[in-house]
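Asker: Got a structure here, written out as structure tokens. Questions coming.
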Amino acid sequence: MNNSRLLLNRARSTWTHRVVSSYAPQRPPRSTFKKVMNGVILTTAVTTVTVGVGGVVMYNRNDQFRHVMNALERCAIAGSVSTRVAFDYYQTLNTKYQTEDAYEEEKSKCHTRCATRVLKAIQKLGGVYVKLGQHLSVMEYMLPNEWCKTMSVLQDRCEPTSPEDVRQLFLTDYGTPMEDIFEEFEWEPLGVASLAQVHKARLRHHDNDETDGWVAVKLQHPYLEKYCKVDMDTVSFILDIVKMVFPDFGFEWFAEEMRESLPKELDFTHERDNANKVRSNFSDDISNNTHALFIPNVIWAKKRIMCMEYIDGSRMDDLDYMKKHKINPQEVSRELTRIFSEMIFIHGFVHCDPHPGNVYIRPAKYQTSKYNFDIVLLDHGLYRELSDELRSNYAHLWTALIKADEEGIKEYAHKVGGTDVYQLFACMLTGREWEKVHQNDLHSVRNNDEVGRISEGAMTYLVEVADILGKLDRTVLLLLKTNDLLRHVDEKLNSNPDERITYTIMGAYCSRAVWLDTRNYISDKMRTLGFSLHLFKQLVSAWWEYKSLEYALWIYQLTTEWMDRFHGKAKRIAL
């Protein structure tokens, strides 16, 4: 414990110099790794035994011996993999190497080996563990790049539930055999996620000639209810042990967030309500065709089964599909930025799991649409509602980040994140090095070298990162995850990334949010105190800041479209 605190104090004493020069120093000190791994050996050994016994006690209360044995097996897998990973790191990091390059090479191989072991265990265990892995896959501000890349497959590939179990689930929850409801049911899933899978089916009785009764049926994996509690208790227990061995490395927020989110995600009636609410929030934009957003209609929902409108489209990152339908990926990326900027900064009601499998693209359903495509938002289980104060402060923070206003970043990093280590918090939010933020260079392209330096820097500042995450409001934690997922989608869609327009769009919505909040505040003040020249100047200033960014965005988009057309004509002439 004393060693950990000494490490924390030493890291903090050199903080300002190291972060301003570069968020990611050359190499994390080996002593930190050694201290962590030596303790993890003890941690995992205790965890393996104790969690197994704990699983027996919990499940014996329900008199389900089969579940006891399955729970023990799941605990044993988690404990065994943890021990092997800890031992591998211990051996790798305590070996002497001839050169620094040799050390870095072996450490990278160790990261990949250990991440692969954990991935295989997660895929075998499924459920809660897959959600855990998905969360890890986008935490590049904390984990080595090898871990994030390895875990990224969990966003797409999960094991399906068997047809027999699907039939039984439907009969149990709906009370009627599937054949009574569906005239046709395609057993090959359209998609399989960590908590559920989706099938295409045709209703036996319907009144929609346009769709001819075709629907999408979402069914929860039936084993989740059996093992959700024991898996969460296992994860919590492991994190509690880590906290005991390393008081400064607090990750208990991870389990707390999952305990808060999972019950809502496992109730599809909650998902139905979220879908209806976000559709209502965007109703004016959808009816006026100012956004390409489309929310599928939910026909009916039970706790573990949901029947909804079938969407014929493809994943957001399917560039071949877009090429086939003459959809511009860059325009899709910009529209996605607009949609989520409005969600976050204006509505304060945010879809917090926008990975490519949850966002579909298709040709526009209506000819009156402003765009030749629709962005179809799926899986509405995980949302967060921002308070007006948090929404406003978050808009101010991003405005400061985009403008490289260090004083503003410092002020609103404290209000949003409760931290004075604003440089690191800025790096976590933007996914960029502090140097890029500080020099107003967010519009530059983020290359692999910068991603690697961020991952390496995360290991050096692990204590500070864990401290920030431990203090963050659960809503802000999910906003971090949402930022990371949207950034990955944006990078996949843009073969020639244009970060400038992304941040210009975000900045416009931030300024609009600040303007609306300022207008309401000053209007209330004027109603109470009467007209004031000082308040009127504030009102005009906020309005002009909003309008100037709006005009800048319009001019930039017009210029970009003109340049695209010019280059397109030049290519055709050359051919």
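Asker: Quick check on this structure: which one of V51, V85, V118, V36 is more than 25 Å from E146 (Cβ to Cβ) and either among the β-branched types (V, I, T) or at pLDDT 85 or above (or both)?
Answerer: Working: V85 fails: more than 25 Å from E146 (Cβ to Cβ); V118 fails: more than 25 Å from E146 (Cβ to Cβ); V36 fails: more than 25 Å from E146 (Cβ to Cβ).
Criteria check complete, one pass: V51.
Asker: Could you list, in sequence order, the residues of the range 340-359 that are surrounded by fewer than 21 Cβ atoms within 10 Å (Cβ to Cβ) and of a type in the set (V, I, T)?
Answerer: Across the range 340-359, the qualifying residue is only I346.
Asker: To continue, here is another question. Note down all Cβ pairs under 6 Å where the first residue falls in the range 80-98 and is free of Cβ contacts under 8 Å to residues at least 24 places away in the same chain, the second is part of a helix (DSSP H, G or I) and open to solvent by less than 20 Å² (accessible area, probe 1.4 Å), and they're at least six residues apart or on different chains.
Answerer: T92/C110; Y97/Y103
Asker: Given (1) out of contact with any strand residue (DSSP E or B) (no Cβ under 6 Å at 6 or more places or on another chain); (2) surrounded by 19 or more Cβ atoms within 10 Å (Cβ to Cβ); (3) closer than 24 Å to T337 by Cα, where does R384 come up short, assuming only one miss?
Answerer: Result: R384 passes all but (1).
Asker: Can you name every residue in the range 182-234 that is hydroxyl-bearing (S, T, Y) and either under 24 Å from H270 (Cβ atoms) or touching a Gly at 6+ places or on another chain (Cβ under 6 Å) (or both)?
Answerer: Of the residues in the range 182-234, the ones hydroxyl-bearing (S, T, Y) are 194, 211, 223, 227, 234.
Scanning the range 182-234 gives S194, Y223, Y227.
Asker: Out of (1) in a helix (DSSP H, G or I); (2) touching a helix residue (DSSP H, G or I) at 6+ places or on another chain (Cβ under 7 Å); (3) open to solvent by 70 Å² or more (accessible area, probe 1.4 Å), the odd one out for E164 is which?
Answerer: (2)
Asker: Within the range 387-426, take every residue that is charged (D, E, K, R) and in a loop (DSSP other than H, G, I, E, B) and give me the one that is farthest from G507 (Cα to Cα). Step through it out loud before you land on a result.
Answerer: Pass one, the range 387-426, residues charged (D, E, K, R): 388-389, 391, 403, 405-407, 410-411, 415, 420.
Add one more test, that the residue is in a loop (DSSP other than H, G, I, E, B), and what stays is 405, 420.
Values: D405: 13, D420: 24 Å.
Only one residue fits best here, namely D420.
Asker: Across the range 106-128, which residue is surrounded by the most Cβ atoms within 10 Å (Cβ to Cβ) among those that are among the small types (G, A, S) and in a helix (DSSP H, G or I)?
Answerer: Checked the range 106-128; the qualifying residue surrounded by the most Cβ atoms within 10 Å (Cβ to Cβ) is A115.
Asker: Out of all the residues in the range 303-315, is one or more of a type outside the set (V, I, T) and either within 22 Å of the chain's Cα centre (by Cα) or closer than 25 Å to Y503 by Cα (or both)?
Answerer: Let us first name the residues in the range 303-315 that are of a type outside the set (V, I, T), namely 303-304, 306-310, 312-315.
Then keep just the ones that are either within 22 Å of the chain's Cα centre (by Cα) or closer than 25 Å to Y503 by Cα (or both); that gives 314-315.
Among the residues of the range 303-315, at least one is of a type outside the set (V, I, T) and either within 22 Å of the chain's Cα centre (by Cα) or closer than 25 Å to Y503 by Cα (or both), which makes the answer yes.
Asker: Okay, next question. Looking at (1) within 25 Å of R334 (Cβ to Cβ); (2) of a type in the set (S, T, N, Q); (3) open to solvent by 10 Å² or more (accessible area, probe 1.4 Å), find the lone condition where T430 falls short.
Answerer: Looking at each condition in turn, T430 falls short on (3).
Asker: Can you find a residue in the range 392-412 that is under 18 Å from F254 (Cα atoms), surrounded by 21 or more Cβ atoms within 10 Å (Cβ to Cβ), at pLDDT 90 or above and touching a helix residue (DSSP H, G or I) at 6+ places or on another chain (Cβ under 6 Å)?
Answerer: Keep residues of the range 392-412 that are under 18 Å from F254 (Cα atoms), which gives none.
Taking every residue of the range 392-412 in turn, none turns out to be under 18 Å from F254 (Cα atoms), surrounded by 21 or more Cβ atoms within 10 Å (Cβ to Cβ), at pLDDT 90 or above and touching a helix residue (DSSP H, G or I) at 6+ places or on another chain (Cβ under 6 Å).
Asker: Here are the criteria: (1) closer than 30 Å to V198 by Cβ; (2) open to solvent by 10 Å² or more (accessible area, probe 1.4 Å). Tell me which single one D420 does not satisfy.
Answerer: Of everything listed in (1) closer than 30 Å to V198 by Cβ; (2) open to solvent by 10 Å² or more (accessible area, probe 1.4 Å), D420 misses just condition (1).
Asker: Output the number of the condition that E210 fails; it satisfies all remaining conditions of (1) in a loop (DSSP other than H, G, I, E, B); (2) surrounded by 14 or more Cβ atoms within 10 Å (Cβ to Cβ).
Answerer: Evaluating E210 over (1) in a loop (DSSP other than H, G, I, E, B); (2) surrounded by 14 or more Cβ atoms within 10 Å (Cβ to Cβ) leaves (2) as the failure.
Asker: Scanning the range 81-105 for residues that are open to solvent by 60 Å² or more (accessible area, probe 1.4 Å) and assigned to a helix (DSSP H, G or I), which turns out nearest to V153 (Cα to Cα)?
Answerer: R84
Asker: Can you tell me how many residues within the range 305-329 are in a loop (DSSP other than H, G, I, E, B) and open to solvent by 30 Å² or more (accessible area, probe 1.4 Å)?
Answerer: Start the filter on the range 305-329 by keeping residues that are in a loop (DSSP other than H, G, I, E, B), which leaves 310-313, 316-318, 325-328.
This time we only want the ones that are open to solvent by 30 Å² or more (accessible area, probe 1.4 Å), so: 310, 312, 317-318, 325-326, 328.
Total meeting the criteria: 7.
The values are calculated or read from the model by the stated rules, or taken from the named source; none is laboratory data. This one's a predicted model, so the numbers in the text were calculated from it and none came from an experiment. Virtual Cβ from ideal backbone geometry, glycine too; neighbours counted across all protein chains shown. Ligands, DNA and RNA are excluded from the accessible area calculation, which covers all protein heavy atoms including side chains. Shrake-Rupley method; radii C 1.70, N 1.55, O 1.52, S 1.80 Å.
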